[in-house]
1. Under 6 Å between Cβ atoms, at least 6 apart or on separate chains: pull out the pairs that start in segment 168-191 with a residue that is outside the structural domain of ALA272 (by TED's automatic domain parsing) and end on any residue that is among the polar types (S, T, N, Q) and assigned to a loop (DSSP other than H, G, I, E, B).
2. Could you list, in sequence order, all residues of segment 171-186 that are in a loop (DSSP other than H, G, I, E, B) and under 15 Å from PHE130 (Cβ atoms)?
3. For residues that are hydrophobic (A, V, I, L, M, F, W, C) and under 22 Å from ILE91 (Cα atoms), tally how many sit in segment 117-129.
4. In segment 233-257, what residues are under 30 Å from GLY31 (Cβ atoms), in contact (Cβ under 8 Å) with a residue 60 or more places away in the chain and touching a strand residue (DSSP E or B) at 6+ places or on another chain (Cβ under 8 Å)?
5. Would you check if THR204 is among the hydroxyl-bearing types (Ser, Thr, Tyr) and surrounded by fewer than 24 Cβ atoms within 10 Å (Cβ to Cβ)?
6. Give, as residue ranges, the strands (runs of 3 or more DSSP E) completely inside segment 76-170 that count at least 1 residues that are of a type outside the set (S, T, N, Q) and at pLDDT 95 or above.
7. Somewhere in segment 274-292, is a residue within 14 Å of the chain's Cα centre (by Cα), of a type outside the set (A, V, I, L, M, F, W, C) and in a helix (DSSP H, G or I)?
8. Kindly provide the set of residues from segment 40-55 that are assigned to a helix (DSSP H, G or I) and over 24 Å from the mean Cα position of the chain (by Cα), ordered by number.
Amino acid sequence: MFETQYEALRRQGISRRSFLQFCSLTAASLGLGSAGAQEIAQAMQTKPRTPVVWLHGLECTCCTESFIRSFHPIAADMVLNMISLDYDDTIMAAAGHQAEAALADTIEKYKGQYIVAVEGNIPLGESGAFCIPGGETFLSKIKHVCANAKAVIGWGSCAAWGCVQAAKPNPTKSVPITEVITDKPVVLVPGCPPIPEVMTGVITYILTYDRLPPLDRLGRPKMFYGQRIHDKCYRRAHFDAGQFVEKFDDMGAKLGYCLYKVGCKGPTTYNACSTIEWNEGLSWPVKSGHGCIGCSENNFFDKGSFYEHEPEILPPGWFGVEATVDKVGLATVGIVGVAAAAHAALSAVSQARAKKNNKDLGGE
């Protein structure tokens, strides 16, 4: 059996103090608090490193590119200390027969104990001939590898929903992994790509608690996909005030107004971009001036233009957070008009009252 995560860290000269700091930072990034830090430390000291097999289907490898840029925890700590990444044909040193031998060894030696991480979707067209890694169709490979897996993680919107390859007319007949893997616990981590810290956070949670994190009805971890981007967007106040960018080079764009009218899908997209952000918390698309394209939602590529706003956010009759953009704008104008009228009426009453009081005191 593998050594524990803590033993691997100590072997590399990591101090106890640094280890506890690592646990605290990781717990904070997951929103688990001090109790979570203690649970992570306990798990890393007592549980063996979990074998992980990372498969690549029909995709562009952007999820791997995202993963290796994680900052809390950094990908090197995740790969070298927290898990045992036994197979990943994109970043592993071995190749060819040696790589496939490592995969076969993990499947045989750790039946029911290893986790399969899947990046990319599964093409069913032409009996899977559109994706043949290592001389075997990906359709056949994923079925074989997942048969003895403990759990499956679907990285990115390709694995979760099908994404670009499954967009109309879908000539390869690509499908998400949940249409093929139906007998294993699956957690979906959508995004094109997902946020790096979300990816490492999901793995950390599974390793710490030996179970999948709480999931929403679509199979996504609630801790990262429990709120809409719109709910924590720093431009939200402008939405509520009816202040919108009409085109990308207007004054509203320069003043940082809401991007909804130029296509931002934040009000209908569930993800953590507006809270965790990207590049070590430096920025995210909306902060850089571009609307959210809704890449973590199903069929986002088939939902129309990225630069036209949704006519409705939720059913008519709702206001505030859930209103249509046009309704918010009209309501804002109406509220301003009512406020102005009320102010004028109160001013008139106040002036009449002042005149009466002045007359009663003997004035003109």
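1. As it stands, the answer is PRO190/SER296; GLY191/SER296, since those pairs meet every condition given.
2. PRO171, THR172, LYS173, VAL180
3. 3
4. Across segment 233-257, the qualifying residue is only PHE239.
5. Spelling it out, it is not the case that THR204 is among the hydroxyl-bearing types (Ser, Thr, Tyr) and surrounded by fewer than 24 Cβ atoms within 10 Å (Cβ to Cβ).
6. Values: elements: 83-88, 115-119, 151-155.
The strands (runs of 3 or more DSSP E) meeting that bar are 115-119, 151-155.
7. yes
8. Of everything in segment 40-55, those that are assigned to a helix (DSSP H, G or I) and over 24 Å from the mean Cα position of the chain (by Cα) turn out to be ALA41, GLN42, ALA43, MET44, GLN45, THR46.
The values are calculated or read from the model by the stated rules, or taken from the named source; none is laboratory data. Because the structure is predicted, anything quoted here is derived from the model rather than measured. So basically every Cβ, Gly included, is an ideal-geometry build from the backbone, and we count neighbours across all protein chains shown.
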